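Read-outs: derived from the displayed coordinates by stated rules, not from any lab. None of the values given here were measured: they were computed from a predicted structure. Here the Cβ is made from the backbone with ideal geometry for all residues, glycine too, and neighbour counts use every protein chain on show.
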Ligand SMILES: NC(=O)c1ccc[n+]([C@@H]2O[C@H](COP(=O)([O-])OP(=O)(O)OC[C@H]3O[C@@H](n4cnc5c(N)ncnc54)[C@H](OP(=O)(O)O)[C@@H]3O)[C@@H](O)[C@H]2O)c1
């Protein structure tokens, strides 16, 4: 089965090369010429990959058989671009949108970190033309996209069956699952990201405690190496953190401000809507907000009150 791929950013390019490694015939397109040209240079000589100049060419290419004739077979397109408005624009706006170019029976896979409610809405819009949209949460980062990530899928189960074998070829064994109707894939991916916030916060608090206990001068890289070797908390995050400590500079060049991509906020909002606790996840999210310089004002407010009622300085400690 020929596959189309939209988006040759960090993730898309890695997935493109992964698909080619597994012998798939893939035609790819990216909005900016820069990434198209960069990807052409990476195409293995004997691969069945091509990079095309626009979306119409991508669709036309997928509809053309090896005999050069246009055929009526369904086509499958993976989209892995920036989440949000960019997706709505590409999928639905104008005469050259995907909705306009695709035909009944075709399948679109959205592999961005889209909000699951957006995915439900988009699948509904495609369904009006009998096109299936599967929402696919992908985890494993760029390395995973290149060598084997894991994927969580939502949407029509028959459409999933059509693409299952292809997806199985680019994930690690056992790393593919279908979790329900439209939105389910991105919903479970959102929860996964929330768990990540909580786990990272917990690990950071533990390492901060070890840093504070100067009496033992613990070698943190060595400790994380031991934790990675059979402990209950072993896993990718411990392994990645060990890598960061290996440079030996005790994280002095790392940013004090922690970014967030919005999915942690979605999880906390969802927890409020469902009326379920999300204490650890919310703590991780709010810790990131606290790291933002614009929120230093909060500490100033508390310091002001302590100074006025007790004459305390901002630096006193007990
Ligand atoms: N990085 C990760 O670890 C990871 C993991 C799981 C999921 N994801 C998701 O995967 C998606 C891609 O992530 P990435 O890391 O590859 O990002 P990236 O390297 O920043 O690439 C972004 C891609 O989106 C395209 N794009 C942005 N705005 C566009 C628009 N208006 N129209 C068409 N294309 C547009 C860019 O094309 P141009 O070159 O034209 O700008 C580029 O191909 C995101 O939704 C992200 O949330 C990322």
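Any chance you could list the semi-axes, whole Å, largest first, of the equivalent ellipsoid that the Cα gyration tensor gives for segment 184-297, using √(5λ)?
Gyration-tensor ellipsoid for segment 184-297: 28, 18, 12 Å.
Compute the long axis of helix 184-212 from its Cα atoms, compare it with the longest principal axis of the Cα atoms of the chain, and write down the angle in degrees, 0 to 90, nearest 10.
Its long axis makes an angle of about 30 degrees.
Compute and list, largest first, the equivalent-ellipsoid semi-axes of segment 82-181 from the alpha carbon gyration tensor, each √(5λ) rounded to a whole angstrom.
23, 15, 12
If I stretch the segment between residue 82 and residue 292 completely, what's the gain in nm (0.36 nm per residue apart, minus their alpha carbon distance), one decimal?
So the chain would gain 73.3 nm between residue 82 and residue 292.
Provide the FRET efficiency to the nearest 0.05 for the residue 205-residue 130 pair, computing r from the beta carbons and using R0 = 41 Å.
According to the calculation, E is roughly 0.20.
Which log10 I(q)/I(0) values, to two decimals, does segment 243-318 give at q = 0.15, 0.23 Å⁻¹ under the Debye formula with one point per Cα?
Values returned for q = 0.15, 0.23 Å⁻¹ are -0.81, -1.01.
Could you pull the Rg and Dmax for segment 133-201, using just the Cα atoms, both in Å?
12.1, 39
In whole Å, largest first, what are the principal axis extents of the Cα atoms in segment 152-191?
If we take the Cα atoms of segment 152-191, the spans are 23, 22, 10 Å.
Which value, to two decimals, describes the C-alpha radius of gyration of the chain once divided by 2.2 N^0.38 Å?
Against the empirical 2.2 N^0.38 Å value, I get 1.20 for the chain.
What FRET efficiency do you get for residue 142 and residue 40 if R0 is 22 Å and r is their Cβ-Cβ distance, rounded to the nearest 0.05?
0.70
In what sequence do 256, 196, 168 fall when counting other Cβ within 10 Å, fewest first?
Fewest to most other Cβ atoms nearby, the residues stand as 256, 168, 196.
Is the shape of segment 28-118 best called rounded, prolate or oblate, per the rule: a/c under 1.5 gives rounded, else a/b larger than b/c gives prolate, else oblate, with a ≥ b ≥ c the square roots of the Cα gyration tensor eigenvalues?
oblate
Pick from 92, 216, 286: which residue has the top mean-square fluctuation in a GNM of the chain where Cα pairs under 10 Å get a spring?
Comparing 92, 216, 286 in the GNM, the peak value goes to 216.
Suppose each label sits 7 Å from its Cα in the direction of the beta carbon; what would the residue 279-residue 89 distance come out to in nanometres?
4.4 nm
Calculate the length of the line joining the C-alpha centroid of segment 1-74 to that of segment 136-182, in whole Å.
Using only Cα atoms, the two centres lie 19 Å from each other.
Name the residue, out of 182, 79, 214, whose mean-square fluctuation peaks in a Gaussian network model built on the chain with Cα pairs under 10 Å.
Evaluated over the chain, the most mobile residue of the options is 214.
Ranked highest first by the average count of other Cβ atoms within 10 Å around their residues, in what order do 94-101, 277-284, 7-14, 302-309 fall?
Going by the mean number of other Cβ atoms within 10 Å, highest first, we get 7-14, 277-284, 94-101, 302-309.
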